[in-house]
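Trainee: Pasting a structure below so you can have a look.
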Amino acid sequence: MTVGTTAAATEEQIESHVRAFLQQSAPLVAQAIAEMPRTARLWDVVDSLSLLDLVAYLEQTFQFTLDALELIPDNFETIESITSLVYEHLSR
């Protein structure tokens, strides 16, 4: 699913996509992801491979490309940090 005009995506829509993808890719912890605060550490629940898959999904869905320098743990530590990273790209 491609969002289309990506600048129109809100932070809530981005967060919804992030949560849905992570729940689908990590079904054993789907409930924990659904209930986790947006500032909780994802590394405690999701493995790095799932986060790499998330990067590919977000780039395809929101039609942007992350720079290699942006692929750092701080940008993927929480749902909030991932949402902010994507929103920044869409606001450019």
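The values are calculated or read from the model by the stated rules, or taken from the named source; none is laboratory data. Predicted, not measured: the structure shown is a model, and the values here were computed from it. Glycine gets a Cβ as well: all are built from the backbone with ideal geometry, and neighbour counts include every protein chain shown.
Trainee: Scan region 62-77 and tell me whether some residue there is β-branched (Val, Ile, Thr), closer than 17 Å to residue 11 by Cβ and modelled with pLDDT of 95 or more.
Mentor: Taking region 62-77 and keeping what is β-branched (Val, Ile, Thr), we get 65, 72.
Now restrict to residues that are closer than 17 Å to residue 11 by Cβ: none.
No, region 62-77 contains no residue that is β-branched (Val, Ile, Thr), closer than 17 Å to residue 11 by Cβ and modelled with pLDDT of 95 or more.
Trainee: For residue 8, only one of the following conditions fails: (1) within 21 Å of residue 88 (Cβ to Cβ); (2) modelled with pLDDT of 95 or more. What is its number?
Mentor: Failing condition for residue 8: (2).
Trainee: Next up: So, in region 45-54, exactly how many residues are under 14 Å from residue 74 (Cα atoms) and either acidic (Asp, Glu) or surrounded by 17 or more Cβ atoms within 10 Å (Cβ to Cβ) (or both)?
Mentor: Of the residues in region 45-54, 1 are under 14 Å from residue 74 (Cα atoms) and either acidic (Asp, Glu) or surrounded by 17 or more Cβ atoms within 10 Å (Cβ to Cβ) (or both).
Trainee: Give all pairs with beta carbons closer than 7 Å in which a residue from region 77-92 that is among the acidic types (Asp, Glu) meets a residue that is not in a helix (DSSP H, G or I); count only pairs at least 6 apart in sequence or on separate chains.
Mentor: 77/41; 80/38; 80/39
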